[in-house]
1. Pairs needed: first member in the range 1-12, more than 7 Å from ligand 1 (Cβ to nearest atom); second member anywhere, not in a loop (DSSP other than H, G, I, E, B); C-beta distance under 6 Å; at least 6 residues apart or different chains.
2. Looking at (1) assigned to a helix (DSSP H, G or I); (2) farther than 19 Å from Leu157 by Cβ; (3) within 18 Å of the chain's Cα centre (by Cα); (4) more than 16 Å from ligand 2 (Cβ to nearest atom), find the lone condition where Asp75 falls short.
3. Against the definition (out of contact with any Leu (no Cβ under 7 Å at 6 or more places or on another chain) and either within 25 Å of Leu185 (Cα to Cα) or modelled with pLDDT under 95 (or both)), how does Asp88 come out, yes or no?
4. Can you name the residue in the range 96-130 that is among the charged types (D, E, K, R) and farther than 14 Å from Ala73 by Cα and is also nearest to the chain's Cα centre (by Cα) among such residues?
5. Given the criterion in contact with a helix residue (DSSP H, G or I) (Cβ under 6 Å, 6 or more places away or on another chain) and among the charged types (D, E, K, R), identify the matching residue among Arg27, Arg15.
6. Which of the numbered conditions does Glu161 fail, given that it passes all the others? Conditions: (1) buried (at least 19 other Cβ atoms within 10 Å of the Cβ); (2) closer than 20 Å to Arg82 by Cα.
7. Please enumerate the residues belonging to the range 1-46 that are within 15 Å of ligand 2 (Cβ to nearest atom), in a loop (DSSP other than H, G, I, E, B) and open to solvent by 20 Å² or more (accessible area, probe 1.4 Å).
8. Since Val97 meets every condition but one in (1) closer than 30 Å to Ile127 by Cα; (2) within 16 Å of ligand 2 (Cβ to nearest atom), which condition does it not meet?
Amino acid sequence: MDGNGRWAEQRRRPRPFGHRAGVKAVRGIIRACVSKGIGALTLFAFSSENWSRPRSEVRSLMDLFLRSLRREASDLSANGVRLRFIGDRSRFSDELVRLMSDVELQTQGNTRLHLNIAVNYGGRWDIVAAAQALAAQVAAGELQVEQIDQERFAQALSLSELPEPDLLIRTGGERRISNFLLWQLAYTELHFSSALWPDFDDQAFDQALADFALRERRFGKTGAQMQAGASN
Ligand code: IPE
Ligand code: MG
C-alpha cells in the first residue's frame, strides 16, 4: 500500500492525513475481497525499514494502527475475517502487542477471508527467522541438516499455512518488491498500479484482477504442457 504521503501532499495536508485516508481504502478492499470470494489478503502496512521515518510519522502510524484495529476488529470478525499479523512484534508497545494477539484469538475460528497484516515485516527478516528456527532444531538434535529442503524451509516462513500468493499489487507507481514476501512471491503475478493507495478503489482493484486473469501462469513449464494438464 504505497502513496499515502504523496496523496496528502497533493492536498497540502500532513502525511498522517494520507495514512488515515489509506485506512478507508483498506476497508474497501477487504470488503471487496469478502464479496468476491478471495480467500486470502496480505497487506504490507509497515516495513522494517519504515522505523527510519521521522519520529512523529512513526508515532502517528502506530497510533492509527492501534485505533483502527480497536475500531474494526468486531466488524471484521462478524464478517468471517480471520486476522493475523506477520512481522517482528518486539518493537511494538505492550498495548499494541496485546491487542494484536487478542484480535488473532478473537478471529481464529473464521475462515471466509484470511487477512494478514504485515507490520514491522521484511522478506529478509522472514527468511533469516526461518533459518534460525531450523538451525535451532538442528542444534537441539531434532532435525538433520539433510532434511532441510525447500518444503521444510517454506514451512518455517510466515504464511506457511496458506497457498502462495497468486497476485501482488503495488500501488503508488513504484515497480519494486521493497522487501515484501521475497520467498513466497517466487511465482506470483505482479501488478503495478499508478494509483496512490488512498485512491485505490473497487474499480482499480477490478482492473488489477482483470489484468491477472489475462496472465498465462506456467510455473516453469511450456504453454503446451499447461494446456494438456498440470500433470505433464
Ligand atoms: C505507504 O504510503 C504507507 C506506509 C508505508 C505506512 P507512504 O507513506 O509510503 O506514501 P508515499 O510513498 O510517501 O507517497
Ligand atoms: Mg512510499
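The values are calculated or read from the model by the stated rules, or taken from the named source; none is laboratory data. From a predicted model like this one, the values you see are computed outputs, not experimental measurements. Counting neighbours? That spans all protein chains shown, and the Cβs are built from the backbone with ideal geometry, glycine included. We work out accessible area using only protein heavy atoms, side chains counted, and drop any ligands, DNA or RNA first. Shrake-Rupley method; radii C 1.70, N 1.55, O 1.52, S 1.80 Å.
1. Every condition considered, the pairs that remain are Ala8/Arg15; Ala8/Phe17; Ala8/Gly18.
2. (3) is the only condition that Asp75 fails.
3. Numbers: out of contact with any Leu (no Cβ under 7 Å at 6 or more places or on another chain): yes; either within 25 Å of Leu185 (Cα to Cα) or modelled with pLDDT under 95 (or both): yes.
Yes, satisfied.
4. Applying the first criterion (among the charged types (D, E, K, R)) to the range 96-130 yields 98, 102, 104, 112, 124, 126.
Filter once more, keeping what is farther than 14 Å from Ala73 by Cα: 112, 124, 126.
On the way: Arg112: 17, Arg124: 14, Asp126: 13 Å.
Applying the filter and picking the extreme gives Asp126.
5. On the way: Arg27 fails: in contact with a helix residue (DSSP H, G or I) (Cβ under 6 Å, 6 or more places away or on another chain).
Answer to the selection: Arg15.
6. (1)
7. Correct list: Met1, Asp2.
8. (2)
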